[in-house]
Amino acid sequence: MLIDMHTHIGGAKVGFIMTEDMILKEMEKYHVDYCIVSNGDSAEFDHELNPLPEEFQVSQKDSFLRTIQFARENPGKIGIMPWIKPATEGMNEELEHLIRENIDIVKGIKVHPFHSKTFFDSDRMKPYIELAQKYELPVMSHTGGCEAADAKYVYEMAVKYPKVNFIMAHMGLGTDNREAINLMEKADNLYADTAWVPVSSTIEIIKRFGSKRIFFGSDSPIDGVDTYHCNREGQPSMYREYFHGLEDVIGTEAYKDLMYRNAMEFFGIELPGY
Ligand SMILES: [Zn+2]
């Protein structure tokens, strides 16, 4: 049994090749039972933090609708997180309406402070977090890569909104994860995923905080259909370590928590036979 709670479609305008078909292929090839998907088409700024030109912007609504369609076409396999656009659009009635109508498949709200060039603790984020609180949804933020996406701002919002659960995706991408791990000590509603997180950091989180506050997530299919195995140049993926050897280190119960059980409980995912 395997749940990947951090996968993507879209993002072509910022150079990613990630499609619905790729997710379905990798699920079959690597025996993934369920994925939570967000749509990179919501990126507002490019990798150099320049605003994407108007004609490259996909609306928050259209980006969300694409994920809804994907989930509806694949019942029981795909959950979604709307990837919001706090910089160029902001929270609106339309977004709330779509969340309410699709609450059975919406598993959280996704924000990318880097590609939105928006500090996670800014006023533009607050209406979204209040929306998450209203619908009892977690908020997942990309962390790392620029000041606005620093994990400490996710922590600050976790303190300000104690009833909302927050997930620090990547645990500070491009860092040694120390800051993000230490922040988990100070707020019980702060969670982590494993996307590009070395297995050593995951082991430390489980040792320090138990096995309930981290989920398996991968960013796939960012490196292609074989993201779990290798990148596009064929170099081995760090995820191999999650599939081979980790269970022996952390034990079977903690491993089940990490790879699917936490996600089932936390996101309310029901899978036949479990
Ligand atoms: Zn991602």
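The values are calculated or read from the model by the stated rules, or taken from the named source; none is laboratory data. Treat the numbers as computed from the prediction; the structure is a model and nothing was measured. Positions of Cβ are generated from backbone atoms using ideal geometry, with glycine treated the same way; all protein chains shown enter the neighbour counts. Note: areas computed on protein heavy atoms with side chains; ligands, DNA, RNA excluded. Shrake-Rupley method; radii C 1.70, N 1.55, O 1.52, S 1.80 Å.
For the reader, a short list of remarks on this structure follows.
- With 19 Å as the limit on Cα-Cα distance, the pairs of 110/152; 134/256; 61/85; 107/207; 25/212 that go past it are 134/256; 107/207; 25/212.
- Counting DSSP beta bridges with both ends in the chain, the antiparallel % (nearest 5): 10 percent
- For the chain, calculated [θ]222 nm from helices alone, where every DSSP H run of n ≥ 4 adds -39500 (n - 2.57): -9000 deg cm²/dmol
- 3J(HN,Hα) couplings calculated from phi for region 240-253 with the Karplus curve 6.51 cos²θ - 1.76 cosθ + 1.60 (θ = phi - 60°) are, in sequence order, 3, 5, 6, 8, 10, x, 5, 4, 5, 7, 9, x, 5, 5 Hz; Gly and Pro show x.
- Segments 204-213, 143-152, 84-93 sorted - mean Cβ within 10 Å per residue, highest first: 143-152, 84-93, 204-213
- Ranked order, 257, 21 - accessible area, probe 1.4 Å, largest first: 21, 257
- Straight-line reach from residue 163: taking Cα to Cα under 14 Å and skipping same-chain neighbours fewer than 8 places apart, the aspartates and glutamates in range are 130, 136, 188.
- Taking the chain and dividing mean pair separation by its residue count, relative contact order in percent (alpha carbons under 8 Å, at least six apart): 18 percent
- Annotation: amide H-H contacts under 5 Å for residue 167 (H modelled 1.01 Å from N, sequence separation of 5 or more, or interchain): 139, 140, 141, 191.
- Three-way shape call for region 57-134 based on the alpha-carbon gyration tensor, with the a/c threshold at 1.5: prolate
- For region 149-157, putting each phi into the Karplus relation 6.51 cos²θ - 1.76 cosθ + 1.60 with θ = phi - 60° gives couplings of 9, 5, 4, 4, 6, 5, 4, 4, 5 Hz, in residue order, rounded to whole numbers and with x for Gly and Pro.
- Cα centroid separation - region 12-32 against region 219-241, whole Å: 11 Å
- Check: region 96-232 dipole with +1 on Lys, Arg Cβ and -1 on Asp, Glu Cβ, in debye: 240 debye
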